[in-house]
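A quick write-up on the structure given underneath.
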2 protein chains.
Amino acid sequence: MEGPELWRELGQQLRVDSVRCAAEAKSGHPTSGMSGADLMAVLLAKYLRYDFDNPKDPANDRLVFSKGHASTLLYAMYRAAGVISDEELLTYRQFSSIFEGHPTPRIPWVDVATGSLGQGLPYGVGMAIAGKRLDETPMRAWILIGDSEMAEGSQWEGFEHAAYYELDNIVAVLDINRLGQRGETMHGWDLDSYANRARAFGWHAIEIDGHDVEEIDQAYGEAIASDRPVAIVARTIKGKGVKAVEDKPGWHGKALDDPEQAIEELGGIRNIVVQVAKPETSGRTVEIERAELELPRYELGDEVATRKAYGEALAALGKARGDVVAMDGEVSNSTFAEIFRDAVPERYFEMFIAEEQLVATAVGMQVTGWRPFASTFAAFISRAYDFVRMSAISRANYCLSGSHAGVSIGEDGPSQMALEDIAALRAVHGSTVLHPCDANQTAKLVAKMADNEGISYIRTLRPNTAVIYEPGDDFEIGGSRTLREGDDIALVAAGITVHEALEAADALAADGIEARVIDLYSIKPLDEEAIRSLAMPIVTVEDHWAEGGLGEAVLAALADSEERPRVELLAVREMPHSGKPAELLAEAGIDAAHIADAARRLVGAAVSA
Amino acid sequence: MEGPELWRELGQQLRVDSVRCAAEAKSGHPTSGMSGADLMAVLLAKYLRYDFDNPKDPANDRLVFSKGHASTLLYAMYRAAGVISDEELLTYRQFSSIFEGHPTPRIPWVDVATGSLGQGLPYGVGMAIAGKRLDETPMRAWILIGDSEMAEGSQWEGFEHAAYYELDNIVAVLDINRLGQRGETMHGWDLDSYANRARAFGWHAIEIDGHDVEEIDQAYGEAIASDRPVAIVARTIKGKGVKAVEDKPGWHGKALDDPEQAIEELGGIRNIVVQVAKPETSGRTVEIERAELELPRYELGDEVATRKAYGEALAALGKARGDVVAMDGEVSNSTFAEIFRDAVPERYFEMFIAEEQLVATAVGMQVTGWRPFASTFAAFISRAYDFVRMSAISRANYCLSGSHAGVSIGEDGPSQMALEDIAALRAVHGSTVLHPCDANQTAKLVAKMADNEGISYIRTLRPNTAVIYEPGDDFEIGGSRTLREGDDIALVAAGITVHEALEAADALAADGIEARVIDLYSIKPLDEEAIRSLAMPIVTVEDHWAEGGLGEAVLAALADSEERPRVELLAVREMPHSGKPAELLAEAGIDAAHIADAARRLVGAAVSA
């Protein structure tokens, strides 16, 4: 069997297997898999170039199920490719199975987790840029997209960037089955509405019947010959092939009532195994070079913004490590990613003001082993928070830099002040949250981030701050630094508040109070030993809301310790506004004077107790 | 002076004032204001219908500066409208001024804070739907948009929904000045690229020279006659009128070097005051009716999902209160917003899978006093986190509902499990975070949310849970409920873990350990008195990451108390996967057995100490 006959049979097999594994699990989205089955059958049998034995090979095509809920279809494809057994397929959604409700990289052939809709294309754009501009392989990114998820704005960031980067190696397969979760989509079967939008964004669009394997074949052929990104807009039927559910609302996310009948209607169980073609080449074309790292050095007492040190360190890292890439959300002259751009232009990618695509590009590029550093204002990382959340499920390794954190930015006002970023980033699984106070410390931590697992976030400051560490000082992720010894009170700070705490300690010393000052630059992981060894009251101080930040991280470290010192949390508690940094730090109650006052209160309470 | 002559002079005045206030502040974005000055001059002098004395009048047009950094232009318009003095204008960006770097509703004529780009249009869509479908006034929403921010995906959610809702009362004014913050935009002065995209999304688009007041006038005339949403795509020049900065990169976000020379070049200071036309009508057309609230009642021992109770309570509220509106992100059959939709269809708005537009619609509608309830899966609120963050700066009052929270959802896997939502929502200024465990409690809290200030978030569960409260029980925001008395150990829980804690308490009682069980349904604000009065060890347990959730909120309440009991935080700490709810609760260490174990450990430690 070959050609159209094979494809048709394979499509039916993928449907049958979708029905079967959902029936076994008694849940899942089989009807969503059934609409895309013919599209995926032709892709698997003829067009996909993939070495299942070497899934991370940069020469492989990438297949992303943006409509991750159609996982039954993806897993059915694995069985059809001969890489999983029928028994494995039927573990779908079970506790012990890697074949989860939505695909994750626990499966070796899944590069990115999906299941939050509208993310596959932006990830694919990252992969396709990597393939074209970094790995330099003939790879192609194939993205299966549902019609419901076309309402997500993030799709259009992907469309825009694919056209801008002239990605002739990306194909979006739009499975237009008309029905969303709770009813008809905005555009139903109006294929033109999708095709016209794609064309307006500079794509080549092809409208087809998504169940006609010959039309599908022709469209793929046209797609791989195109010199532009291609959208295949395919009219499909949800639940195709089974009358009881075909094109019927109310069948999203449910196993079929009568799977036996459905399987019979689909022509029974098949056991076709197709030989998926491997890519003609293997590995990336380019060599990744390494040189000695020469980090920037700053002199004690100089005034340097940590964001500037970030840019300079990143540029140094880029020159030393050929695997380091950077991208920025059109604020590279503020985050200082522009220093990297000027030093290593071939590995810098402008993402414009599209923070979801910014993070997605990083996630897409790390799939083949690149080490991305994505930067924007810390406040705007909130725009991509769902992408960051999902990238933890993707087990992605990359670095994020957020500049202009806190009220210390001054006149621009609260829209530009990240005051929730520490809380948000701490609550990402496996994340690292760093907040240096000094240029030398920043440089060292940037270098460390490049080898750190998971999502590593560095929070930098707008204003210049005094260099307080020697260029030779070393800083571990998970460490802290005691800047001043004292046993009456501990002042625990990070970033701008370290400088305020040092000033407060001077003032307290004049009163005879010996304050220990701890620079808790690594907020997650946190130096629990240093915190738990504090047998004195503690003032924590942060340029961030009180919720979920440094203060609560300190409290969590102390929660079950034998000694639980009294802690006062200084943090931003009222909505800030424009003003000078010093005015705003004072108003928020996190400047040296307020720290000293809090310390005096706590020491007084300890003495009187 | 009138007509084109007036408009030209007024445009120059707006430029001069932009230059002046930035010069005084020594910061700001005058060149971004200068490009849009003529567009805004014609709008202010001829088209805007606005009663500055009654800014909240639903009959008013709404003017949103999506490019919020062009605030100098907005404030210059206020001076030209005669509502602020020159002295007030010149307080720009000062600590004591309401005229901040980016506009906020501290200014009576600003409805929503902007400054995070790509948000103005989605808010405007919410306002325009409210005007057309709720207030039923002839209002129009005018949105000034920068070209850089067109890269934000959220724009296209706005475009899509404006067309879907046939908003002939929204006009997007695109100020295409070619230059972003760090260089040229993606499309430069290619007006077609913007106009074609808008047209593909179903809008009417008009390309003009944005400095030709007669073309501008004609375009506005065409816009107000259109039966579709309209995009005016205007070619403009950044820094227009001042040779030193005109169309030059490197002048974003900076006061001019020589403001005196610039003012002279612009023809000097002017003091034109235009009489802005008021709307022809006043107030909304419709009456908001009130009836007695009859909340659903659930019987003790029944099994009801809190998400179901949310939907039923919301429907009851909608029938009782004519100001309650609801919107959902295409999952209304999961969040049960569909019960409201069926009960009160005229005040339900489908937002499809576009979470940013979902939140923006709520924010836009509350401007004229509607009380929106926006719902989706709790996990997907992360998609709109920047909109939620910004809406706190907008001082917006609305309700958010996130369903399917935590590992207790089971088989769908981690992409659908919100495990960061409590942390993220706590770190929003002035927010309320509620997490009921029972249907009666949910219903009562939904009713309370409708009168609560700020952003009120309710987190609901997928599985059915036992009804443990009487229908007559009352629950205050900021309260807690002691479900079981005991003095050996306190178990503090919310949502699904309340049921696990009750079961743990039974097991502990069999060992002779008397556990107090506290239902901390109001995580923010938190019942500090109840927590601080606990003179016993505490186990907190939550179906959420350990960071920033219920446990840390409890620790924060205890931080500086006299008695600081030992606390063990039970929370999700490893990446979950698909499985049955009970399997996943056990694996995460937050089920009854793990709670009881933790309690035994802590009680044992307390006894041996």
Quiz prompt | Of all residues making up region A:136-153, the number that are within 12 Å of chain B (Cβ to nearest Cβ) and among the hydrophobic types (A, V, I, L, M, F, W, C) | solution = 3
Quiz item: Do you know which residues across region A:50-94 are under 26 Å from the mean Cα position of the chain (by Cα), of a type in the set (Ser, Thr, Tyr) and within 14 Å of chain B (Cβ to nearest Cβ)?
Solution: A:SER66, A:SER71, A:THR72, A:TYR75, A:TYR92
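Yes/no matrix, rows are residues, columns are (1) farther than 21 Å from B:TYR398 by Cβ; (2) crowded, with 24+ Cβ neighbours inside 10 Å; (3) at pLDDT below 95; (4) β-branched (Val, Ile, Thr):
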residue	(1), (2), (3), (4)
B:TYR75	yes, yes, no, no
B:GLU88	yes, no, no, no
B:SER97	yes, no, no, no
B:VAL112	no, yes, no, yes
B:TYR123	no, yes, no, no
B:ALA128	no, yes, no, no
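Let's see how each residue does on (1) at the interface with another protein chain (Cβ under 10 Å from one of its Cβ atoms); (2) under 28 Å from the mean Cα position of the chain (by Cα):
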{"residue": "B:GLU157", "(1), (2)": "yes, yes"}
{"residue": "B:THR185", "(1), (2)": "yes, yes"}
{"residue": "B:TRP189", "(1), (2)": "no, no"}
{"residue": "B:ILE208", "(1), (2)": "no, no"}
{"residue": "B:GLY221", "(1), (2)": "no, no"}
{"residue": "B:ARG228", "(1), (2)": "no, yes"}
Exercise. Taking the options B:ALA509, B:ALA490, name whichever one is within 14 Å of another protein chain (Cβ to nearest Cβ), out of contact with any helix residue (DSSP H, G or I) (no Cβ under 8 Å at 6 or more places or on another chain), more than 29 Å from A:ASP386 (Cα to Cα) and outside any loop (DSSP other than H, G, I, E, B).
Key: B:ALA490
Quiz prompt | Residues located in region B:382-397, provided they are surrounded by fewer than 24 Cβ atoms within 10 Å (Cβ to Cβ) and away from chain A (no Cβ under 11 Å) | solution = B:ASN397
Quiz item: Taking interchain pairs and intrachain pairs at least six residues apart, which have beta carbon atoms under 9 angstrom, with the first residue in region B:276-300 and farther than 30 Å from B:GLU470 by Cα and the second among the basic types (Lys, Arg) and part of a loop (DSSP other than H, G, I, E, B)?
Solution: B:VAL276/B:ARG49; B:ALA277/B:ARG49; B:LYS278/B:ARG49; B:PRO279/B:ARG49; B:GLU280/B:ARG49
Exercise. Working carefully through the options B:ASP209, B:ASP217, B:ASP192, find the one that is without any contact (Cβ under 8 Å) to a residue 40 or more places away in the chain and touching a helix residue (DSSP H, G or I) at 6+ places or on another chain (Cβ under 6 Å).
Key: B:ASP209
Quiz item: Can you tell me which residues in region A:560-583 are at the interface with chain B (Cβ under 8 Å from one of its Cβ atoms), in contact with a strand residue (DSSP E or B) (Cβ under 9 Å, 6 or more places away or on another chain) and surrounded by 22 or more Cβ atoms within 10 Å (Cβ to Cβ)?
Solution: A:VAL567, A:LEU569
Quiz item: So B:GLY124 fits all but one of (1) touching a Phe, Trp or Tyr at 6+ places or on another chain (Cβ under 9 Å); (2) assigned to a helix (DSSP H, G or I); (3) within 13 Å of chain A (Cβ to nearest Cβ); what number is the exception?
Solution: (3)
Quiz prompt | Subset of region B:558-579 (residues that are in a loop (DSSP other than H, G, I, E, B) and either within 31 Å of the chain's Cα centre (by Cα) or of a type in the set (Ser, Thr, Tyr) (or both)) | solution = B:ALA559, B:SER561, B:ARG573, B:GLU574, B:MET575, B:PRO576, B:HIS577, B:SER578
Quiz item: A:GLY28 versus (1) touching a Gly at 6+ places or on another chain (Cβ under 8 Å); (2) surrounded by fewer than 24 Cβ atoms within 10 Å (Cβ to Cβ); (3) within 14 Å of chain B (Cβ to nearest Cβ): which is the lone unmet condition?
Solution: (2)
Quiz item: Here are some conditions: (1) in a loop (DSSP other than H, G, I, E, B); (2) over 27 Å from A:ARG235 (Cα atoms); (3) more than 19 Å from the chain's Cα centre (by Cα); (4) more than 14 Å from chain B (Cβ to nearest Cβ). A:ARG133 meets all but one. Which one does it not meet?
Solution: (1)
Quiz prompt | Tally of residues being of a type in the set (A, V, I, L, M), more than 11 Å from chain A (Cβ to nearest Cβ) and part of a helix (DSSP H, G or I) across region B:335-381 | solution = 7
Quiz item: Among all residue pairs at least 6 apart or on different chains, which show Cβ distances below 7 Å where the first residue, located in region A:1-27, is farther than 13 Å from A:LYS46 by Cα and the second is assigned to a loop (DSSP other than H, G, I, E, B) and among the β-branched types (Val, Ile, Thr)?
Solution: A:GLU9/A:ILE272; A:GLN13/A:ILE272; A:VAL16/A:ILE269
Self-check item: From the options A:ALA70, A:ALA45, residue that is within 27 Å of A:TYR398 (Cβ to Cβ), touching a residue at least 60 places away in the same chain (Cβ under 8 Å), in contact with a helix residue (DSSP H, G or I) (Cβ under 9 Å, 6 or more places away or on another chain) and part of a helix (DSSP H, G or I)
Solution: A:ALA70
Quiz item: Applying the selection to region A:95-111, what residues are more than 11 Å from chain B (Cβ to nearest Cβ) and in contact with a strand residue (DSSP E or B) (Cβ under 7 Å, 6 or more places away or on another chain)?
Solution: A:ASP111
Practice problem: Please determine, by comparing only the residues of region B:512-557 that are facing another protein chain (nearest Cβ under 10 Å), part of a strand (DSSP E or B) and not β-branched (Val, Ile, Thr), which one is surrounded by the most Cβ atoms within 10 Å (Cβ to Cβ). | Solution: B:HIS544
Quiz item: Regarding B:ARG8, is this residue out of contact with any Cys (no Cβ under 6 Å at 6 or more places or on another chain), surrounded by fewer than 21 Cβ atoms within 10 Å (Cβ to Cβ) and away from chain A (no Cβ under 14 Å)?
Solution: yes
Quiz item: Which of the residues spanning region B:432-476 are within 16 Å of B:LEU526 (Cβ to Cβ) and surrounded by fewer than 24 Cβ atoms within 10 Å (Cβ to Cβ)?
Solution: B:LYS448, B:ASN452, B:GLY454, B:PHE475, B:GLU476
Quiz item: Which ranges mark the helices (runs of 4 or more DSSP H) fully within region A:159-272 that have 1 or more residues being crowded, with 19+ Cβ neighbours inside 10 Å, of a type in the set (Gly, Ala, Ser) and out of contact with any Leu (no Cβ under 8 Å at 6 or more places or on another chain)?
Solution: A:191-200, A:213-225
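The values are calculated or read from the model by the stated rules, or taken from the named source; none is laboratory data. It should be emphasised that the depicted structure is a prediction, and the values quoted were computed from it without experimental measurement. All Cβ positions, even for glycine, are placed from backbone atoms using ideal geometry, and neighbour counts span all protein chains on display.
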